[in-house]
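The values are calculated or read from the model by the stated rules, or taken from the named source; none is laboratory data. All figures in this text were calculated on a predicted structure; none of them were measured in a lab. All Cβ positions, even for glycine, are placed from backbone atoms using ideal geometry, and neighbour counts span all protein chains on display. Heads up: the accessible areas ignore ligands, DNA and RNA and are worked out on the full protein's heavy atoms, side chains in. Shrake-Rupley method; radii C 1.70, N 1.55, O 1.52, S 1.80 Å.
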Amino acid sequence: MLIVVLITTVFSFTLVYSEAQCAFVGPVTVPPGQTQSFSLEVVGAINNDLSNPDQGICGVFLEFSHNLIGELEINLISPSGTVVNMVGSVVPTNPTNLTRWNVSFVPCGDIASPDNGFSPIWSNNQPWGILGNFVGSYYPNNGCLEDFNIGPVNGFWQIEIVNSSLFNVATLRSFAILFCDPDGLDCSICLAKGGEMTLADSTYCLNDADLVLDIDLNYVGFTPDPNDYGYLYLVSQNGIIEDTLSVPDLRNYVAGQYEICGISYLLAEETVIVDQIIGETIDFLEDTLTSLSPPFCAALSSNCIPVTIFPANDTTRIVQHICAGDSVLINGVSFLETGIYSVDVLDGNGCDSVITLDLLKYELEGIPASVSDLSCFNSTVQLGLLQLVTNFLPGEISYSWLDESSAQLSQSEILLVDSAGIYHLIIQGESTLIICADTFSFQVNDTRILHTPQIAVSGSLCIGNIFEASITNPVTGGNYVWTLQNGVGNITLKNGAIAADYIIQNGSNVEVCVVLDDPCYITEKVCLPVQLLPAPLIELPSDTTVCGTQVLFELPGLPGSGAFTFIDGPNSTYIIDEISPTQFELLVLLPDSINLSSNLSAIHVLSNIP
């Protein structure tokens, strides 16, 4: 009879070989909600056919614990994929705290010796209870050991622990497999475990010191013994494994997108593993390692990490043109003057880069000429620049003068003004590369006195009469110029030109105008409309008595006394003698002795009485 000896140690696995049988002890733990498999690699079996009547599984030994047995399943899986459920199934049960099972499973054709009071067929749904210690032999919960009757002996035999609990840990303390024909058989356990990788950052610049990746490995349950198991980082592009690294150092890698996966492996098989996986795809390797007959003992990490290495940037040359007063801002630094600058910057990926700035500043800086005030001696002022500093060509510069309302006054370099105010000069330089402009403002003050003459009119406002126009607010010694607008008449200056007598013969919309002609004053021509009243036109009656060439007549119907103006008719002259205010003697001299009365009837009288 073959004997399997189980040697129990703490926190590590010890391979046990007794008469070429396979066993290992732990403990190993499976966290809540996790499923983990532990493999025994069998090699060298001479009788390598499970269908051979002399070969098969004659026994399985399990030592385990769980605080709620109803949430635990344990399966044995052959290299060909046959599965026999040893412990199960998942059912509600009472707690089994501090209970340990150190039991064996026998073929259904053998006699089982269960613990007292328990069914020979394993079932989780039995009163296992707490503080128990069970050592009986049982038939599997589902199936028989005789089901392992197909496929090879050599290969990986897996113990699969399915922990359905949300809170309780499953502990596998040891297990062993007893083969019916162990001749030549040897085995080793595969406890490779890739773990889960975490990395704080996944993007880097070429040759970045941080490309020595600081990857954290986290294991659920047990951690492979570093004395027996190594760890490599697989570097792949487009899913194809290109390199294996013991330290994830990518500083010498070219720019690109990579994927880093971890692989835990049996140290004794390192050379074989590396030789076989370079050039293969990650998916193929994963399928191989999770197959029923993996070629070596290894396990991939539960995740892979994408890593992007951004390329180094060539120096970027920027040609920039600016106007004086403007600047180019690069990496927080302002550049204002003509020159060539080299600036270290970070590109859009956060990697070091260099920018060469070729900067040309266009000058358009002027020095305004001083501004004189308008005065008695300066009736006009010239505005412009004393100096203009520019690197624009002469034909590229234009000028524009504006007043306070932005109305354009001139496009010349200088401007002559005769009134106070603020004037703006806009100078613009325009080349094929840039347009620059600058604005200068000039304040023109007027020291002259503002004077607006006030006109008053007195006297008769009848046509032909004399009336007086005078300045009510005269400037002492001022030289006033009087004019008549829209009328015909005579003007006589009075009182040093402060007043004037007007005699207007005719006109409509007549205005009396005056202006102060004095360079020390600011003034404008002021006009006053005058409404003239026409004199009544009186014709001599047709029955005028003629005594020789002398006529005596009386003007009828005129009130009071007054003066009269006589206007002779054609081909006649006359002499007037006033007899009384309303009686006149008219002496008419004719060139011939034609009918006098017909000529007299053509003589008109204008009354000066309004």
At a threshold of 8 angstrom on Cα-Cα distance, excluding pairs fewer than six apart, so keeping six or more, what relative contact order does region 323-423 reach in percent? 20
Please give the net charge around ILE367, taking every other residue with its beta carbon less than 15 angstrom from that of ILE367, where Lys and Arg add +1 and Asp and Glu add -1. -4
Quick one: compute the contact order of region 243-390, relative version, from alpha carbon pairs under 8 angstrom and 6+ residues apart, as a percent. 19
Projected area averaged over all directions for the convex hull of the alpha carbon atoms of region 22-113, nm², comes out at 7.5
Run the simple label-point estimate for LEU166 and THR380 please: 7 Å along Cα→C-beta, distance reported in nm. 10.1
Most positive-pole-ward Cα, ASN445, ILE522, VAL510, against dipole of region 391-527 from beta carbon charges: VAL510
Under a Cβ-Cβ cut-off of 13 Å, what is the net charge of the residues other than GLU269 that fall near it, where Lys and Arg count +1 and Asp and Glu count -1? -4
Given H placed 1.01 Å from N in the peptide plane, which residues other than close sequence neighbours of ALA324 have an amide H under 5 Å from its amide H? TYR362, LEU364
Estimated D of region 278-421 in µm² per second, where Rh is the Kirkwood radius over Cα pairs and Stokes-Einstein applies at 4 °C, 1.567 mPa s: 57
Rounded to a whole number, what % of the accessible area of region 167-309 do carbon and sulfur atoms account for, probe 1.4 Å? 47
Stretch GLU413-ASP314 to full length: gain in nm at 0.36 nm per residue minus the Cα-Cα span? 30.8 nm
Give me the lysines in straight-line cross-link reach of LYS494: C-alpha distance below 26 Å, same-chain residues under 8 apart excluded. LYS525
Jot down the per residue volume, in cubic angstrom and as a whole number, of the convex hull over the alpha-carbon atoms of region 220-302. 107
Using Cα pairs under 8 angstrom and six or more residues apart, how large is the relative contact order of region 258-315, in percent? 56
State the dimensionless ratio Rg/Rh of region 445-508 (Rg: radius of gyration of Cα atoms; Rh: Kirkwood radius). 1.05
Which distance in nm do the two modelled labels at SER508 and VAL220 give, with both placed 7 Å along the Cα-to-Cβ direction? 11.4
Given a Förster radius of 56 Å and the C-beta distance between LEU450 and GLU337 as r, what FRET efficiency does 1/(1 + (r/R0)^6) yield to the nearest 0.05? 0.65
Charges on Cβ only, +1 for Lys and Arg, -1 for Asp and Glu, centred on the Cα centroid of region 361-486; of ASN378, THR390, LEU461, which one is farthest towards the dipole's positive end? LEU461
Within the set of other residues whose C-beta is less than 10 Å from the C-beta of GLY429, count the net charge using Lys and Arg as +1 and Asp and Glu as -1. -4
Taking H placed 1.01 Å from N in the peptide plane, check which residues at least 5 places from GLY56 or on another chain put their amide H under 5 Å from its amide H. CYS180, ASP181
For a quick check: with amide H placed at 1.01 Å from N, whose amide H comes under 5 Å from GLN36's, ignoring anything fewer than 5 positions away on the same chain? ILE161, ASN163
Size of charge dipole - region 214-297 - debye, nearest 20, with Cβ of Lys, Arg +1 and Asp, Glu -1, no other charges: 80
